[in-house]
Amino acid sequence: MNQFNDIEQRKAEHLRICLDENVQFHQQTNGFEHYHFTHCCLPELDFQDITLETSFLGKRLSAPILISSMTGGTQQAKLINHRLAEVAQNYGLAMGVGSQRVALEQPELSDTFEVRSVAPDILLFANLGAIQLNYNYSVDQCLAIVDSLGADALVLHLNPLQECIQNRGDTNFKGLLSKIENLCQNIAIPVIAKEVGNGISAKMAEKLIASGVSAIDVAGAGGTSWAKVESERADNKLQKQLGLSFTDWGIPTAQCIKQIRQLNGKIPLIASGGLRNGLEVSKAIALGADIAGLAFPFLQAARDSPESLDLLVKLILAEMKTVLFCTGNANISQLRSSNSLYYLS
């Protein structure tokens, strides 16, 4: 099998494994179960007046929700991306696509990422592994995937653990920060630094912000374990066991958000990593995130049907509005500054 077909097959395997195998964190959680809202028994609000509208990276959103980067590169992924884009367009949500390396190396697969035809107005994120900057990728390749997608921002995902466990993974991360800095200086759109499920610490966020990234997506622990995913794919016992050993590795999402926000009060911040409903989205916003990303729930619903996706979004929005109403907050800005969240170990 040549390198290109190997990437395409890997994409198909990732999709199947995430949907059909138990690859969630086993013991580690996203940390939001420790946080609770103070109930307001007399909100002094009309529920009909509550709004979830916000803005992120200069673009208006009807709710602070990102359909997180997931897939592309296969025909099943094309169908899923189109369904996700349609619901994002219908409800005014943000969306990211999966890693577009395969589209650069196999241009005939680029249409599996193309969603502007069904979602002309959404806040849309292109996606590439930051590690590729150490493997002969340049600003030109980054611009190519941004232009092909019609994206508003570029996600650079950081995945050292996954690369360690992946067969023939790209593991030379040496000098990568300076290349990220060079990219940020030579690309006109925002660059978002994102983990893939093991979290970004406050210390690393500080370095990434200094390098010029415009936003951070913490993608913390508690959701899909890519160590477990790669363990499922492994073709030898060593790699399989290595993935199992690191199934629960990472920083809980709630901890990432709290610590980064304490370090930097202004950097646009995305909470993702194991979020499953509107209550957890609301907790993430109250902790200091600007928007929150969900992947697995959207992936499951998108495989099922457009109707399942529509119901999922309606439920998340209803959960968030109920949180605002029952904490006495009329909008997202008020929720973020309300101090209505408390910690209970």
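A short reminder: the numbers here are calculations on the coordinates, not readings from a lab. Given the structure is predicted, the values throughout are model-derived calculations rather than measurements. So basically every Cβ, Gly included, is an ideal-geometry build from the backbone, and we count neighbours across all protein chains shown.
One table, with the values for the structure above:
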item	result
Selection from the stretch 110-160 of residues that are outside any loop (DSSP other than H, G, I, E, B) and among the hydroxyl-bearing types (Ser, Thr, Tyr)	Ser110, Thr112, Ser148
Gln162, sole failed condition from (1) touching a Gly at 6+ places or on another chain (Cβ under 8 Å); (2) loosely packed, with under 15 Cβ neighbours inside 10 Å	(2)
Residues of the stretch 245-261 classified as assigned to a helix (DSSP H, G or I), surrounded by fewer than 24 Cβ atoms within 10 Å (Cβ to Cβ), free of Cβ contacts under 8 Å to residues at least 60 places away in the same chain and not small (Gly, Ala, Ser), total	3
Filtered residues of the stretch 323-345 (kept if part of a helix (DSSP H, G or I) and either without any contact (Cβ under 8 Å) to a residue 40 or more places away in the chain or closer than 17 Å to Ile67 by Cβ (or both))	Gln334
Single condition Glu13 does not satisfy, out of (1) touching a Lys or Arg at 6+ places or on another chain (Cβ under 7 Å); (2) closer than 23 Å to Ser117 by Cα; (3) in a helix (DSSP H, G or I)	(2)
Given (1) within 19 Å of Arg336 (Cα to Cα); (2) more than 17 Å from the chain's Cα centre (by Cα), number of the condition Ser282 does not satisfy	(2)
Selected residue (only one of Ala227, Ala219 is in contact (Cβ under 8 Å) with a residue 24 or more places away in the chain, assigned to a helix (DSSP H, G or I) and surrounded by 24 or more Cβ atoms within 10 Å (Cβ to Cβ))	Ala227
Pick from the stretch 9-65, criterion acidic (Asp, Glu) and more than 30 Å from Ala77 (Cα to Cα), ranking: surrounded by the fewest Cβ atoms within 10 Å (Cβ to Cβ)	Glu44
